[in-house]
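Student: One structure follows; several queries about it will come next.
What follows is calculated from the coordinates using simple rules that are stated; it is not laboratory data. All values derive from a computational prediction rather than experimental measurement. All Cβ positions, even for glycine, are placed from backbone atoms using ideal geometry, and neighbour counts span all protein chains on display.
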Amino acid sequence: MRCVAAFPRLRAPLCERCGAPTAWPVRRCAECAGRRIAFASARSAVAYEGAVRAFVAAWKERGLRRLAAVAADVVVEAVERPRVASLTFIPPDGDRSLRRGHHPAERLARELGERWALPVEPLLRRARPVRRQRGLSLAARRANVRDAFAPRGRGATSVALVDDVYTSGATAGAAATALRKAGARRVEVVTFARAIR
């Protein structure tokens with residue numbers, strides 16, 4: 001796909017912790033400095049803008065499930081394979097998954113599991129419903145997803161959490177907190193796209 005080749009890849013220098021593009025290598029950027037973050041690192045393949053937004057909308061909202069494989073190919077090309085024992089994914093929101101008829105984060109995790117030869121385990125569940133994050137401030141996003149996830153049991157001590165888009169890091173942070181409570185010592189986050197502030 002020619003349009004996929006034009007997707008803006010996220011390349012170094014990046015924030016060592018959250019993966020935000022930076023002018024030079026830093027351990028923590030302005031976006032994540034001063035925050036307690038439950039994940040060790042977050043990496044994304046492409047910037048969530050322009051054609052990438054249209055691609056994600058087609059994949060998530062219009063049910064073009066085959067795009068998960070395309071997204072996985074882009075991730076494998078752009079993101080180093082995480083040094084973890086297994087992959088997991090942000091669990092589906094019941095209402096949205098029913099409407100869509102599929103769960104993009106799980107499909108992406110399974111595609112990446114095949115490419116990286118890593119097992120995929122459903123380690124999280126939704127502990128409560130949450131409002132949509134779109135349109136919420138950063139503080140409201142964090143409050144909205146606080147305690148929204150719970151572990152399904154004990155998993156590997158090192159795990160990569162997969163999602164389609166990293167926006168503010170609030171969802172990834174809340175899910176990583178639940179994984180840490182279940183015994184994960186290291187949680188890495190891998191997403192297809194990332195919003196750039």
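Student: Apply the a/c threshold of 1.5 to the C-alpha gyration tensor of the chain and tell me whether it is rounded, prolate or oblate.
Tutor: Rounded is the answer for the chain, as its axis ratio a/c remains below 1.5.
Student: With the chain treated as a Gaussian network of Cα nodes joined by springs under 10 Å, which of Arg152, Arg110, Arg131 yields the largest mean-square fluctuation?
Tutor: Arg131
Student: Work from the charge dipole of the chain (Cβ charges, +1 for Lys and Arg, -1 for Asp and Glu, about the Cα centre) and give the residue of Ala45, Ala71, Gly169 farthest towards its positive end.
Tutor: Gly169
Student: Based on the mean of other Cβ atoms within 10 Å per residue, sort peptides 171-181, 22-32, 50-60 so the most packed one is first.
Tutor: Per-residue Cβ counts within 10 Å, averaged per peptide and sorted highest first, yield 171-181, 50-60, 22-32.
Student: Taking R0 as 30 Å, what's the FRET efficiency between Arg146 and Ala23 from their Cβ-Cβ distance, rounded to 0.05?
Tutor: E between Arg146 and Ala23, to the nearest 0.05, is 0.40.
Student: Isolated Cys in the chain by the 4.7 Å beta carbon test?
Tutor: Cys3
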